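One structure is given below, encoded as structure tokens.
The values are calculated or read from the model by the stated rules, or taken from the named source; none is laboratory data. Because the structure is a prediction, the values reported are computed rather than measured. Backbone-built Cβ (ideal geometry, glycine too); neighbour counts: all protein chains shown. In case anyone asks, the SASA skips ligands and DNA or RNA and just uses the protein heavy atoms, side chains included. Shrake-Rupley method; radii C 1.70, N 1.55, O 1.52, S 1.80 Å.
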Amino acid sequence: MVSVDYELQIPYIEHAGRHIPGIVVELQNPTDPDQRVELLAELDSGAEYSLFRGSLAPVLGLELLAGSVFKFNATNRSSIEARVHPLIIAHPELGRFRMELRFSVQDISRDLLGRDFFDLVQIGFREHHRLVFLTPRP
């Protein structure tokens, strides 16, 4: 048997008529801490990388198209083009993490934290109870 201790227990968030595992995080420009944005990010274990709306780039002082190109390929054979930018993602209890974050060039309806973020924390889900468990150590 494996036992894991978690420091945070966060209920799923009701959004657009459904309950989603998500957390509120702040994205910060590493060169200018005044350029930041707080947002609700859905925790998506099916996403290899985190993906954010491209419209957030200017708020963070980024030129969206200046980032390197990254293509997301969906299971339905469609693709989403994104651009990669180095940023800081922060949460009051989990801490601050430097990450290479992807911003969509196309319109997307939600911001996602994927397994690249999961690699930085310990995470657990209790779907039936609509709870997420997190601790700042992987």
Output for the stretch 97-138, where each listed residue is in a strand (DSSP E or B) and without any contact (Cβ under 8 Å) to a residue 40 or more places away in the chain
97, 100, 126
Among the residues of the stretch 51-87, write down those that are in a loop (DSSP other than H, G, I, E, B) and either under 14 Å from residue 108 (Cα atoms) or at pLDDT 95 or above (or both).
53, 57, 61, 62, 63, 67, 74, 78
With respect to residue 55, is the statement that it is hydroxyl-bearing (Ser, Thr, Tyr), surrounded by 11 or more Cβ atoms within 10 Å (Cβ to Cβ) and touching a residue at least 60 places away in the same chain (Cβ under 8 Å) true?
no
Residue that is nearest to residue 61 (Cα to Cα) [pool: residues in the stretch 1-17 that are of a type outside the set (Ser, Thr, Tyr) and open to solvent by less than 50 Å² (accessible area, probe 1.4 Å)]
13
Among the residues of the stretch 18-37, which ones are open to solvent by less than 60 Å² (accessible area, probe 1.4 Å) and more than 17 Å from the chain's Cα centre (by Cα)?
32, 35
Check off (1) farther than 28 Å from residue 7 by Cβ; (2) in contact (Cβ under 8 Å) with a residue 60 or more places away in the chain for residue 45 and give me the number that stays unchecked.
(1)
Residues 65, 60: which one is open to solvent by 50 Å² or more (accessible area, probe 1.4 Å), more than 13 Å from the chain's Cα centre (by Cα) and not charged (D, E, K, R)?
65
Considering residues that are modelled with pLDDT of 95 or more and either within 15 Å of residue 57 (Cα to Cα) or of a type in the set (Lys, Arg) (or both), the number found within the stretch 88-111 is 12
